[in-house]
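S.K.: Before we start, here is the structure in question, set down as structure tokens.
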Amino acid sequence: MADHYETLGVSQDASQDEIKKAYRKLARKLHPDVNPSAEAGEKFKDVTAAYDTLSDPQRRKQYDMGGQDAAGGFGFGDIFDAFFGGGQGGGRGPRSRAQRGQDALVRIDLDLDEVIFGTHRDVQVATAARCEDCAGSGAAPGTSPVTCADCGGSGEVRRQVRSILGPVISTSPCAACQGFGTVIEHACETCHGQGRVRAQATIPVDIPAGVDSGLRLHLPGQGEAGPGGGPNGDLYLEVRVREHEVFVRNGDDLECLLEISMIDAVFGTNTTLPALDGDIELEIPVGAQSGDVLTVRGRGITRLRSTQRGDLEVTLQVRTPTKLDHKQKELLQQFAERSKHEAGPELSREKPGLFSKLRGKFGR
Ligand code: ZN
């Protein structure tokens, strides 16, 4: 620790008047109200400690003789804390018992067909609700919180501390009422003075079309009730969309795989596709190939916060017959005889397994 004389910038034989002047000058520069930096705060502590010692002739004499620098009538910590409001965060007056309630997060599982047009859910939530018996006050019915006798309702205790800069007021929260300014003498028996109780709530929610896994719906004021009759927090619903065994979502589009017979692929046909939102009449064209995609416009998922819908993309897969009777085999052999000019197997540029994830079944 630096020498007290150096700290104040005075000589060893400085008069009491010079010491006082030097301290005043430094304090005006380093005072936390003027200079809120931590460095200035530390210096201010040192300067005040030096002044405490040197301004007291008895302690100055002891210090000059190399004695222990004993603490004086008041520690500089008291003054220091006083300048910073006793670490109370600068709040004035009693704090409210009413606090905002916690936000709540609930997860909901949806099926893919519910996402197409949106859906309605009555969501069950374990939450905190305002206590009906005391209307959230926490005081037994017929009673009300009384003004705290210790602080007179201000919620804080003030203490005057003498310092060289004059008397300063140190403020701290009242211990008797925890800073509320009032005391609940008779707590509500239902909520034990909390102003809220555990509850099971049913919250009706309209889930818009087009939501996807991970999306959070925000419901303001539907969370937990606050203590002391405070406002509710918010409720967040996190959506998870279950995978469908046939239809796969791709943004706003739906995709599926349709297996067709070799004969249907050759001659073409009309078929009914049972989509999530109703049947679709589908025309399989003559000469359809595995991997061909038929696009059904506007039969995908409704875009979030829109009325527009994506498409349904149907990928065709031709099924090769495996169980042939004698006659069928004979006919196909005849067909093969007449097809000798056709090319044999050849490598394709298409990526293998491109549609394998779409593999599914249609009841037909
Ligand atoms: Zn109550």
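S.K.: Taking all protein chains in place and a 1.4 Å probe, what share, in percent, of the accessible surface of the stretch 195-299 do carbon and sulfur account for?
M.R.: The value for the stretch 195-299 is 47 percent carbon and sulfur by accessible area.
S.K.: As a test, work out the antiparallel percent of DSSP beta bridges whose residues both lie in the chain, rounded to the nearest 5.
M.R.: 75
S.K.: Kindly write out, for the stretch 275-290 in residue order, the coupling ³J(HN,Hα) from the Karplus curve 6.51 cos²θ - 1.76 cosθ + 1.60 (θ = phi - 60°), rounded to whole Hz, with x marking Gly and Pro.
M.R.: For the stretch 275-290, the Karplus-derived couplings read 7, 5, 10, x, 5, 10, 7, 10, 9, 7, x, 4, x, 5, 10, 4 Hz, x marking Gly and Pro.
S.K.: Report, in debye and to the nearest 20, how large the dipole of the chain comes out about its Cα centre when Lys and Arg carry +1 and Asp and Glu carry -1 on their Cβ.
M.R.: Approximately 620 debye in magnitude.
S.K.: Please list, ordered by chain and number, the residues whose modelled amide H lies under 5 Å from the amide H of residue 157; skip anything fewer than 5 residues away on the same chain.
M.R.: Long-range HN contacts for residue 157: 172, 174.
S.K.: Something else now. In Å², and per residue, what accessible area does the chain have when probed at 1.4 Å with the other protein chains present?
M.R.: 62
S.K.: Report the gain in length on full extension from residue 34 to residue 338: 0.36 nm times residue separation, minus Cα-Cα distance, nm rounded to one decimal. Before the final figure, lay out each step's value.
M.R.: Numbers: separation 304, 0.36 × 304 = 109.44 nm, distance 10.28 nm.
Once the chain is fully extended between residue 34 and residue 338, it gains 99.2 nm.
S.K.: Report the label-to-label distance for residue 199 and residue 17 in nanometres (one decimal), using points 7 Å from each Cα along the Cα→Cβ vector.
M.R.: The modelled label-to-label distance comes out at 7.4 nm.
S.K.: Under 20 Å from a point placed 7 Å out from the Cα of residue 58 along the Cα-to-Cβ direction: which residues of the stretch 158-183 have their backbone N that close?
M.R.: Hits in the stretch 158-183 for residue 58 at 20 Å: 162-164.
S.K.: What ³J(HN,Hα) values, in whole Hz, does the Karplus curve 6.51 cos²θ - 1.76 cosθ + 1.60 give for the stretch 166-173 when θ = phi - 60°, with x put for Gly and Pro?
M.R.: Using θ = phi - 60°, the values come out as x, x, 10, 9, 9, 10, 9, x Hz.
S.K.: Here is a further query. Mind grabbing the base-10 log of I(q)/I(0) for the chain at q = 0.09 Å⁻¹? Debye formula, identical points on the C-alpha positions, no solvent, two decimal places.
M.R.: Relative scattering, expressed as log10 I(q)/I(0), comes to -0.79.
S.K.: What are the residues whose amide H is under 5 Å from the amide H of residue 280, where those residues sit 5 or more places off or on another chain and H is modelled from the backbone?
M.R.: Under 5 Å from the amide H of residue 280: 273, 275.
S.K.: Tell me, what HN-Hα J-couplings in whole Hz come from the Karplus equation 6.51 cos²θ - 1.76 cosθ + 1.60 at θ = phi - 60° for each residue of the stretch 108-121, using x for Gly and Pro?
M.R.: These are the phi-based 3J(HN,Hα) values: 10, 9, 10, 8, 4, 5, 6, 7, 4, 10, x, 8, 10, 9 Hz.
S.K.: Rounded if a/c is under 1.5, else prolate if a/b beats b/c, else oblate: with a ≥ b ≥ c from the C-alpha gyration tensor eigenvalues square-rooted, which is the stretch 251-324? Present the calculation step by step, with values, prior to reporting the outcome.
M.R.: On the way: a/c = 2.78, a/b = 2.58, b/c = 1.08.
It is prolate, given that a/c is not under 1.5 and a/b is the larger ratio.
S.K.: Additional query: So what are the radius of gyration and Dmax for the Cα set of the stretch 309-348, in Å?
M.R.: When restricted to the Cα atoms of the stretch 309-348, Rg and Dmax are 16.5, 50 Å.
S.K.: On to the next question. Return a whole-number percent for the relative contact order of the chain, with Cα pairs under 8 Å and 6 or more residues apart as the contact set.
M.R.: 15
S.K.: Something else: Only bridges whose two residues both fall in the stretch 234-331 count here: according to DSSP, what percent of them are antiparallel, nearest 5?
M.R.: The antiparallel fraction comes to roughly 65 percent.
S.K.: At a threshold of 8 angstrom on Cα-Cα distance, excluding pairs fewer than six apart, so keeping six or more, what relative contact order does the stretch 139-296 reach in percent?
M.R.: 13
S.K.: Report the semi-axes of the equivalent ellipsoid for the stretch 1-44 in whole Å, largest first, where each axis is √(5λ) for an eigenvalue λ of the Cα gyration tensor.
M.R.: For the stretch 1-44, the semi-axes come out at 21, 12, 5 Å.
S.K.: Loop only by DSSP, 13 or fewer other Cβ within 10 Å of the Cβ. Give me the GluC sites (Glu not before Pro) in the stretch 219-261 that pass, ordered by residue number.
M.R.: Of the GluC sites (Glu not before Pro), the ones in loops of the stretch 219-261 whose Cβ has at most 13 other Cβ atoms within 10 Å are 243, 245.
The values are calculated or read from the model by the stated rules, or taken from the named source; none is laboratory data. As the structure is a prediction and not an experimental result, all values here were calculated from the model. Because the Cβ atoms are built from the backbone with ideal geometry, glycine has one as well, and the counts that use them run over all protein chains shown. These accessible areas exclude ligands, DNA and RNA; they are computed on the full protein's heavy atoms, side chains included. Shrake-Rupley method; radii C 1.70, N 1.55, O 1.52, S 1.80 Å.
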